[in-house]
Structure formats: structure tokens, C-alpha cells
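The values are calculated or read from the model by the stated rules, or taken from the named source; none is laboratory data. As the structure is a computational prediction, the values presented were derived from the model and not from experiment. All Cβ positions, even for glycine, are placed from backbone atoms using ideal geometry, and neighbour counts span all protein chains on display.
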Amino acid sequence: MPRIAVLLALALAACSSAAPPAGPTVAAPTGGPSCAPALLRAGAAFEALPDRTGPGDCSLRDAVRMTRGRVALDQPLQIACPTAERLLRLEEEVLQPAAQRHFGAPLARIRHYGGYACRQRNGDPRGLRSEHAVGLAIDIAGFDIADGTLVTVARHWNDPGPRGAFLRQVAREACAVFHVVLTPRTDPQHRGHLHLDIGRWRRCDA
């Protein structure tokens, strides 16, 4: 065989046996908040927050500032990682199925009044620390459905139509995800939002 043909055959053999070029790699996160892997899998947008302590019994550790979970949030939300992971569960297991059931459309956005806040419980004469003071609670005010429907706790909790049915179903089923669910049935302080927390107490006012 001519020398040129031999060299060509060897070159082709080398090309056919070579491994395909590697694609881009994404480094797994190291350190940082414990919920980062779950938030990344869910497509959430977030940043880690530094630990803080005080004043008093207030503290925020292993926490994130989220601008979206599985769906958009109407404003940034500061919460501890265990609460962030429960919110992801709520979106997937409760909110999306309920939105499809009552509106035939997915949930698009959660409206909330905040997570972490250094304060006592509302209306508690003993001045007990709120679960908000350690980032273990979130107050949800309403929801935007992808078809343009707006649902708010303040306006629609007692609504006889699909908005009210949606809110009451969400509250009932949230009790399987969070330890405490407070609603307009609880007291006047909660007539405009759903309080959800994972503190040491258990209560379901759905």
C-alpha cells in the first residue's frame, strides 16, 4: 500500500476511536445554604444570606433571599432553608394541583407579606416570639393564576365560587406540609393572609 494511503488509514482510525468532545460542566455547589440543591433543582432564584443573631430571641441562620421558587414571588422573601423547602413542597403538592382543579390553569405567582421579621406573635399578651423571628414562617396574601385570575385571602376567603374554594383547599392541604396554618378563621389579625410556619407547635385552622 502506498505510504500516503497508510498514513490516511491510520488517521481515520484514530479519529473514529477518539472520544467525543466533552460538553460544558457545571460545578456542584459546595458550602452555602443547605437548601441550595433543592432550590436549584426547582429552578428557584435565590441568594445565600449571612447568619444573623439578635436582637433578643431573633436570629436567622442557614437562610436565603428568594425572588422565585417554582413560581414567581411578588417581592423578595427572606426565610430559613427548612421553610424554603416546605414552600417548594407547597407549590408542587398543593398549589399547582389546586389551581388546575379550580381554574384549569397553572399557578403563576405567589403574593406574600414576608418571611423573616424580628417580632413577637401578633396579639399575644405573653409576648412570645413569632416563628417569623427565626425565619420559620411565611404570610401568604394571594395568588396569580396563569389565566389572569387574581385570588386574595382578604377578598375571596368566603367567596362561594372557585376563588374561595381554591383558598380553602390550599389551607386544608397546607396543614400536611406546615406545622401551623392560620387563616381568617383564626382571628382578626389573619383575615388578610395565611400564616404558615414550621415551629414546634401544631395547629390547623383550615
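Worth a mention:
- Matching residues, the stretch 101-158, being of a type in the set (Val, Ile, Thr) and free of Cβ contacts under 8 Å to residues at least 60 places away in the same chain: Ile110, Ile140, Ile145, Thr149, Val151, Thr152, Val153
- Only one of the numbered conditions (1) farther than 20 Å from Gly69 by Cβ; (2) touching a Lys or Arg at 6+ places or on another chain (Cβ under 7 Å); (3) among the β-branched types (Val, Ile, Thr) is violated by Thr186, and that is (2).
- Residue satisfying all of: in the stretch 14-50; of a type in the set (A, V, I, L, M), at pLDDT 50 or above and assigned to a loop (DSSP other than H, G, I, E, B); farthest from Gln75 (Cα to Cα) among these: Ala42
- Tabulated pairs, the stretch 179-206, first touching a residue at least 40 places away in the same chain (Cβ under 8 Å), second surrounded by fewer than 21 Cβ atoms within 10 Å (Cβ to Cβ) and among the hydroxyl-bearing types (Ser, Thr, Tyr), C-beta under 6 angstrom, 6+ apart or interchain: His193/Tyr113
- Pairs are defined by a Cβ separation below 6 Å, a sequence spacing of at least 6 or placement on different chains, a first member in the stretch 47-60 that is closer than 12 Å to Ala117 by Cα, and a second member that is among the basic types (Lys, Arg); the pairs so defined are Asp57/Arg129; Leu60/Arg52.
- Qualifying residues in the stretch 151-170 (those that are touching a strand residue (DSSP E or B) at 6+ places or on another chain (Cβ under 6 Å) and outside any helix (DSSP H, G or I)) - the one farthest from Arg101 (Cα to Cα): Thr152
- Any hit, the stretch 51-67, residues being exposed (fewer than 15 other Cβ atoms within 10 Å of the Cβ), at pLDDT 95 or above, touching a helix residue (DSSP H, G or I) at 6+ places or on another chain (Cβ under 7 Å) and farther than 23 Å from Leu182 by Cα: no
- Where Asp144 falls short, out of the listed (1) within 17 Å of Leu90 (Cβ to Cβ); (2) among the acidic types (Asp, Glu); (3) surrounded by fewer than 15 Cβ atoms within 10 Å (Cβ to Cβ): (3)
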